[in-house]
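Structure record follows, encoded as structure tokens.
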Amino acid sequence: MRNKQLMIMSGIALVLGIIVFGPTLSNLHKVIKVNKQQKTELNKLEEKLQILEGIDKNLITDRVKKMEMVFPSDKPIVELLSSLSQLSAKHGLSFGGVSLSPGALTKTEEKKAETDLSDLTFSFEVGGEFNSVLKFLRELENTAPLMKIDKVGLTIKTNPLFDIITTMVAADIDVSAFYQPAPKSLGGISQPVKLLSRSEEAILSRLFNFTKFQAVLPVVQTGKTDLFDFGQ
Amino acid sequence: MEVNLFAKKIKRLRDRQRIKKLAGKILLVSMLMLALLMVALSALALRIASSNKNLEQKISLTKNKILELQDVESKQVYLVSKLGSFANLLKLQERHQAVAEAIFNMIPDGTTLQGFEVNEKGTIDLAGSVPAWSKLFELLKRIKEQTTGQLRVVQAQVNRISFGKTGAINFGINIVLSGASQ
């Protein structure tokens, strides 16, 4: 009889425990879990905010502008031709024989990832004094957009009509220019922002060593013009 | 002599009553304790829930502040994404410049170079012509005694020397530069 009563009481206690305490404990567990998640998220966000607030807005804007000039996101065809012609003019060299295959002007379905490095190979010819050509070649790799000399061929072209001691040369140069598309999205808001290390800062400061020539496009007159308009 | 016939029964009844009372007390105390526990748990849950609300507000505020700085974030992400490739290109370019510099320092005036590939592997096939023997000797001397610049000539091999119709001397030289390959 006593055992029976005890069994009934324990059963009631268990049922009561499950009915009353079950949902309360489950709710508490859920709330604690959410609390932990929110604390972690807040920590991450605060850390990110601190990093973002610590970044110098003017400096980063300058760096982005310079990076886009030196290492552009699109094929730098116009900038390249402009830089090369102006650099050769700066050293008093003739510039011509440009051969390049720019490829597709619109974006195509490429196998490469969108942020992969791409290069644009082309060749050209410069002519003039040997020393000027050397200076041109030395300065070429410090001119925006970023270029790498692949091949150089030099030919002496002295003019027998002139009695000049200077060595006139023609240089055939193969060059690669590089570009890399910018990332399309920032990712999640809680995703941390990477801070730059000292060595990376040093690399970025080298952006400012590159010489940038203004892109000058030839002005071509278009449309109908009145040939008999003499400006009366 | 008095004989109590119900003594055992009465004792059993008393014990049962005592147990019932005790069980009742225990039940009451446990109910109270459980009620207290329930109240405590509910209070804790409420407190944490309120803390969650505060956290939610803080998160929302911080997110808004981050969104205000989205311009800075996008610029930072842009720089970081380009930095790796840019650093590699700069290294490659430095090696190229050093190789080109070394070659240009070797060439005496009057030399015609048919072309040399600026190769980061360090092996350069130098082909060209010089107008006179003295220039060829000067070129070979410069290759042998090359000391300027970052790179040193580790190995140089003359593969070909021939005379052209115009009296020019054609040459083909293989040069291996130290530190040019990585």
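The values are calculated or read from the model by the stated rules, or taken from the named source; none is laboratory data. As the structure is a computational prediction, the values presented were derived from the model and not from experiment. Ideal geometry is used to build each Cβ from the backbone, glycine not excepted, and the neighbour counts take in all protein chains shown. For accessibility, only protein heavy atoms count, side chains too; no ligands or nucleic acids. Shrake-Rupley method; radii C 1.70, N 1.55, O 1.52, S 1.80 Å.
A few comments on the model shown:
- For chain B, modelled as a GNM whose springs connect Cα atoms under 10 angstrom apart, the maximal fluctuation among B:Lys135, B:Lys58, B:Lys144 occurs at B:Lys58.
- R0 of 56 Å, Cβ-Cβ distance B:Ser50-B:Gln17: FRET efficiency to nearest 0.05: 0.70
- Chains B and A together bury roughly 6300 Å² of accessible area, counting both sides, with a 1.4 Å probe on protein heavy atoms only.
- For the stretch A:1-55: accessible area per residue (Å², 1.4 Å): 75
- Just the protein heavy atoms count here, and of the accessible area of the stretch A:1-55 at 1.4 Å, carbon and sulfur take up 64 percent.
- Largest to smallest accessible area among B:Phe86, B:Phe137, A:Phe95 [probe 1.4 Å]: B:Phe137, A:Phe95, B:Phe86
- Residue-level accessible surface for B:Arg152, protein heavy atoms, 1.4 Å, Å²: 140
- Ordered by solvent-accessible area of protein heavy atoms (1.4 Å probe), largest first, the residues B:Val99, B:Val39 come out as B:Val39, B:Val99.
- Remark on the stretch B:40-64: accessible area falls by at least 40 square angstrom from chain-alone to full-complex state for B:Leu41, B:Ala45, B:Ile48, B:Asn52, B:Leu55, B:Ile59, B:Thr62, B:Lys63, probe 1.4 angstrom.
- Pairs of Cα atoms nearer than 8 Å and 6+ residues apart set the relative contact order; for chain B it is 17 percent.
- When chain B is treated as a GNM with alpha-carbon contacts under 10 Å, the residue of B:Thr166, B:Thr123, B:Thr62 showing the greatest mean-square fluctuation is B:Thr166.
- Shown for the stretch B:10-104: the carbon plus sulfur share of the solvent-accessible area, taken with all protein chains present and a 1.4 angstrom probe, equals 63%.
- Rh by Kirkwood over Cα pairs, then Stokes-Einstein D for chain B at 1.002 mPa s and 20 °C, µm²/s: 83
- Accessible surface of A:Met69 - all protein chains present, 1.4 Å probe, nearest 10 Å²: 70
- Computed from label points 7 Å out along Cα-Cβ, the spacing between A:Gln191 and A:Phe208 is 3.0 nm.
- Of B:Leu67, B:Leu113, the order by accessible heavy-atom surface (1.4 Å probe, DNA, RNA and ligands excluded), from most exposed downward, is B:Leu67, B:Leu113.
- Distance in nm between pseudo-label sites at A:Ala89 and B:Asp109 (7 Å out along the Cβ direction from Cα): 3.0
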